[in-house]
1. For ARG86, list long-range residues whose amide hydrogen, built 1.01 Å from N in the peptide plane, is under 5 Å from its own amide hydrogen.
2. Angle check, please: helix 232-261 long axis (alpha carbons) against the longest principal axis of the chain (alpha carbons), in degrees 0 to 90, nearest 10.
3. About the Cα centre of region 181-314, how large is the charge dipole given +1 on each Lys and Arg Cβ and -1 on each Asp and Glu Cβ? Please answer in debye to the nearest 20.
4. Enter the angle in degrees (range 0 to 90, nearest 10) between the Cα long axis of helix 134-147 and the first principal axis of the Cα atoms of the chain, meaning the one along which they spread out most.
5. In whole angstrom, note down how far apart the Cα centers of region 291-314 and region 148-222 are.
6. List the residues whose amide H sits under 5 Å from the amide H of GLU192, counting only those 5 or more places along or on another chain, with H placed 1.01 Å from N in the peptide plane.
7. For the pairs LYS159/LYS206; LYS110/LYS305; LYS24/LYS150; LYS54/LYS159; LYS88/LYS206; LYS150/LYS206, note any where the Cα-Cα span goes beyond 22 Å.
8. Note down the Stokes-Einstein diffusion coefficient of the chain in µm²/s, whole number, using a Kirkwood radius over alpha carbon pairs, 25 °C, and 0.890 mPa s.
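Each reported figure results from applying straightforward, stated rules to the coordinates on display, with no laboratory input. Treat the numbers as computed from the prediction; the structure is a model and nothing was measured. Using ideal geometry, Cβ is built from the backbone for each residue, glycine included, and neighbour counts are taken over all protein chains shown.
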Amino acid sequence: MEPAVSIVIPAYNEEEALPLLLEKLDSVIRSLPHPSEVVVVDDGSRDRTPQILKEAVKRYPWLRVFILRRNFGQSAALTCGIENARGKVIVTLDADLQNDPEDIPRLLEKIEEGYDVVSGWRRERRDPFLSRRLPSRLANWLIGRITGVKIHDYGCTLKAYRREVIQGIPIYGELHRFIPVLTDLRGAMITEIPVRHHPRRFGKSKYGISRTYRVLLDLFLMFFFQRFATRPLHFFGLVGLVLSALGFSIELYLSFLKLVYHQSIGQRPLLLLGALLLITGVNLLGTGLLAELLVRTYYEGSGRKIYSVRERLP
Ligand code: UDP
Ligand code: MG
């Protein structure tokens with residue numbers, strides 16, 4: 001029988017947290033009205049995580065395990081779990097027990113209300129302030145401003161998704177932080193509810209403050225995707241046109257000085273600036289054309305659609 005809900009959990013060196021996590025999941029799954037499964041993806045752990053999972057499969061009939069050949073990163077591990085999930089609703093969860101599996105039924109209730117994405121919000125977050133909560137506050141605010149997807153807690157992995165809006169979304173690099181934005185690109189209805197949060201009792205965080213610049217770059221990528229994913233020429237072309245127009249005007253002006261007033265222009269910095277602007281501008285236009293070809297190859301070669309249907313009647 002197909003499960004109704006799939007709980008997807010990436011795990012990297014989480015041997016200490018896993019036994020308790022599985023125990024908690026067991027009671028949650030028993031309490032759910034529909035049959036459910038848990039998909040744990042071992043992301044190339046170097047501790048006893050895979051052994052523990054192999055043992056657990058014998059004990060828990062709802063457990064399915066994927067063991068990756070090496071550490072591919074949280075995004076890749078999540079993608080593996082999501083692709084292999086069979087439920088109509090997919091819940092993502094960290095393995096470290098900072099989120100509480102007991103919040104899952106409340107997320108599912110919201111999905112039943114009709115939302116496509118229900119995001120967990122760690123309102124009382126139990127992490128260090130300076131190194132975690134403050135940067136994350138700023139990041140959430142900035143992401144909300146730039147993408148228009150205003151949820152409080154992008155970093156919280158505990159989220160529930162209707163399968164149609166998340167399956168097939170390519171979560172490259174570290175884009176797992178931006179899954180709500182990626183689903184928004186498909187027109188998902190998104191909401192959030194407060195969830196519990198606990199201090200990390202086992203193991204340690206896999207990320208440090210160095211993620212800041214990666215989040216910023218990914219945010220720029222989201223900005224680009226949201227507006228120009230199917231028309232990159234409009235982005236590159238606009239910048240290209242402005243720059244080449246500026247460069248062209250400058251060179252025109254200098255030619256005028258040279259030809260009409262016979263002034264020498266060879267030593268003028270303006271000459272260099274004009275040439276630079278022209279070259280850059282024309283280059284950007286070319287980049288835009290190339291990007292257009294890439295976009296077409298991307299959609300047509302993969303069979304992806306540039307639209308997403310919510311309902312079909314009758
Ligand atoms: N994780 C993973 N592969 C990695 C890094 C992390 O599967 O390369 C998992 C990790 O086991 C945890 C989740 O992703 O279940 C989130 O990681 P972590 O708790 O270290 O991140 P934080 O909560 O500190 O942002
Ligand atoms: Mg964590």
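1. It is none; the list stays empty.
2. Helix 232-261 sits at roughly 20 degrees to that axis.
3. Details: 17 positive and 7 negative charges, 174 e Å.
That gives region 181-314 a dipole magnitude of about 840 debye.
4. 60
5. Cα centres, region 291-314 to region 148-222: 23 Å.
6. SER119
7. LYS110/LYS305; LYS24/LYS150; LYS54/LYS159; LYS88/LYS206; LYS150/LYS206
8. Translational D for this selection: 110 µm²/s.
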